[in-house]
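Please read the structure below before turning to the comments.
Bear in mind these aren't lab numbers, they're just calculated from the coordinates by the rules spelled out. Keep in mind the model is a prediction, meaning the values are calculated, not measured. Every residue, glycine among them, receives a Cβ derived from its backbone with ideal geometry; neighbour counts consider all protein chains shown.
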Amino acid sequence: MSRFSEAEKMYQEMGVDVQAALDKLSKVKISMHCWQGDDVTGFDAKELTGGIAATGNYPGKATNPQQLMADIDKALSLIPGKHKINLHASYAITEKKVERDKLEPEHFQAWVDFAKERGLGLDFNPTLFSHAKAADNLTLSSPDASIRKFWTDHCKATRKIAAYFGRQLGCTSLNNVWIPDGYKDIPADRLGPRQRLKDSLDEIFREQYDKKYLADSVESKVFGLGVESYTVGSHEFYMNYAAKNNLLCLLDTGHFHPTEVVSDKISSMLLFADRLALHVSRPVRWDSDHVVLFDEELKEIAKEIVRCDALDRVFIGLDFFDASINRISAWVVGMRNMEKALLYALLLPHRELKKMQDEKNFTELMAVMEECKTLPFGDIWDHYCEQQGVPRGKTWFKEVQQYEAEVLARR
């Protein structure tokens with residue numbers, strides 16, 4: 001009997017249908033962020049600003065669209081399943097410079113062609129940083145009406161572009177608004193900036209698009225570099241704005257206080273919203289965007305999505321950037337770990353565990369949950385990788401090393 005067959009039998013004894021779990025996982029599309037490949041540089045800016053920092057100088061960084069697409073291809077060849085690519089507006093591919101408030105779908109046609117050829121979806125984000133008009137970390141909440149209009153027009157343009165992605169690729173495109181706005185020291189007025197942000201968002205979301213093609217989300221943050229004392233787009237602001245305006249509230253796992261965990265928020269959000277969006281990162285002390293590991297919080301996030309039967313209601317995207325290690329390896333580790341966490345969750349006997357909790361059988365609940373931790377999950381994961389035609393175990397890393405030697409080292 002193969003290791004997979006033996007493992008499958010052990011899960012069946014726990015009441016878990018392994019084949020059904022693998023089938024569900026194969027249908028999940030995770031959004032892989034393009035900005036890991038070039039340290040969030042993009043193609044239209046020279047300096048990274050807006051409270052964002054990528055540390056490290058590992059060789060081989062992508063410096064043009066061709067290199068970035070080639071690196072994405074390499075990463076995807078080592079990741080099970082068919083997924084999505086998450087773009088920022090700063091990754092427009094144009095023959096001459098186009099200002100961000102003037103961007104059109106045609107400026108991303110190369111990305112649409114790239115995705116269509118590979119059976120991928122595309123998600124999108126307006127880029128309200130690394131720009132002269134965002135130099136003081138005030139964009140949609142700026143007291144300067146001309147600055148607000150520039151960024152409002154930019155966000156309206158990205159919604160149009162994302163809707164185009166959805167129509168062209170037959171896959172709903174998530175357009176997520178995050179802004180760096182805030183103040184370094186204690187503000188004299190907290191209400192005014194939030195009123196201006198609300199007015200800007202009202203204008204941005206005025207036009208209606210078919211939700212089959214476009215999903216709109218807004219993303220909060222506790223603080224960032226240069227805005228340590230006050231963030232205009234707080235969680236309370238965006239959660240209320242999203243609820244009132246029927247938008248998605250995006251939760252970034254690094255954008256909360258150190259003692260908060262996003263896994264605990266998922267069930268509450270899904271109870272009151274049709275859909276939810278996530279940016280999965282790994283905060284170390286603060287929003288440091290470390291590569292996602294197969295750790296306890298990632299498992300809890302995946303378990304909550306599965307327990308809520310919400311795999312088709314949650315947009316799962318990754319958001320990290322590490323310039324101190326091989327960038328392709330970072331993508332592969334993060335994406336495979338997100339899938340591992342979902343598979344781990346799908347292989348738990350949730351119905352039986354819930355029944356034990358409802359019947360107050362906490363002793364058995366603890367015992368069974370602990371036994372599940374040592375089931376041969378790795379054998380199921382390796383089988384899934386083989387099914388999907390990608391390397392199992394650590395063998396994928398040899399391909400990254402070869403690509404580094406043959407491609408990255410020559411840049």
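In whole Hz, what ³J(HN,Hα) sequence does the stretch 192-197 give by Karplus (6.51, -1.76, 1.60; θ = phi - 60°), x for Gly and Pro?
x, x, 6, 5, 5, 4
Picking from 139, 259, 172, which is most flexible by a Gaussian network model of the chain using Cα springs under 10 Å?
Top of the fluctuation ranking is 259.
Which of the residue pairs 82/212; 24/265; 27/244 have a Cα-Cα distance greater than 29 Å in the structure shown?
27/244
Taking the alpha-carbon centroid of each part, what is the distance from the stretch 45-115 to the stretch 183-225 in angstrom?
24
For the stretch 27-133, which chymotrypsin sites (Phe, Trp or Tyr not before Pro) are in a loop by DSSP, counting at most 13 other Cβ atoms within 10 Å?
For chymotrypsin sites (Phe, Trp or Tyr not before Pro) across the stretch 27-133 that sit outside H, G, I, E and B with at most 13 neighbouring Cβ atoms in 10 Å, the list is empty.
Would you compute, from DSSP H runs of 4+ residues alone, the mean residue ellipticity of the chain at 222 nm, taking -39500 (n - 2.57) per run and dividing by the full residue count, rounded to the nearest 500?
-13500 deg cm²/dmol
Looking at 405, 378, 341, which one has the Cα that reaches farthest to the positive end of the dipole of the stretch 332-411 (charges on Cβ: Lys, Arg +1; Asp, Glu -1)?
405
Hey, got a sec? Which GluC sites (Glu not before Pro) in the stretch 63-139 land in a DSSP loop and have at most 14 other Cβ atoms within 10 Å?
95, 99
Pop the C-beta distance of residue 401 and residue 116 into the FRET formula with R0 = 35 Å and round what comes out to the nearest 0.05.
Working: r = 31 Å, r/R0 = 0.88.
My answer for the efficiency is 0.70.
Would you please give the residues with an amide H less than 5 Å from that of residue 33, counting only those at least 5 places away or on a separate chain, with H modeled from the backbone geometry?
Close amide H contacts, sequence-distant or interchain: 86, 318.
Could you derive backbone 3J(HN,Hα) for the stretch 115-122 from the dihedral phi with the Karplus parameters 6.51, -1.76 and 1.60 (θ = phi - 60°), listing whole Hz in sequence and x where the residue is Gly or Pro?
5, 5, 5, 10, x, 9, x, 10
Considering only DSSP beta bridges where both residues belong to the stretch 29-346, give the percentage that are antiparallel (nearest 5).
Antiparallel: roughly 15 percent of the beta bridges in the stretch 29-346.
Evaluate E = 1/(1 + (r/R0)^6) for residue 284 and residue 186, where r is the Cβ-Cβ distance and R0 equals 22 Å; express this FRET efficiency to the nearest 0.05.
Once rounded, the FRET efficiency stands at 0.25.
Please work out the FRET efficiency for the pair residue 244 and residue 373, using the Cβ-Cβ distance as r and a Förster radius of 41 Å; give the result to the nearest 0.05.
The calculated FRET efficiency here is 0.50.
Cut-off under 17 Å on the C-alpha distance; same-chain residues fewer than 8 positions from residue 9 excluded. Which lysines are left, in chain and number order?
373
Loop only by DSSP, 12 or fewer other Cβ within 10 Å of the Cβ. Give me the trypsin sites (Lys or Arg not before Pro) in the stretch 328-370 that pass, ordered by residue number.
Those satisfying the criteria are 360.
Fewest to most neighbouring Cβ within 10 Å: what's the order for 14, 335?
Lowest to highest Cβ neighbour count: 14, 335.
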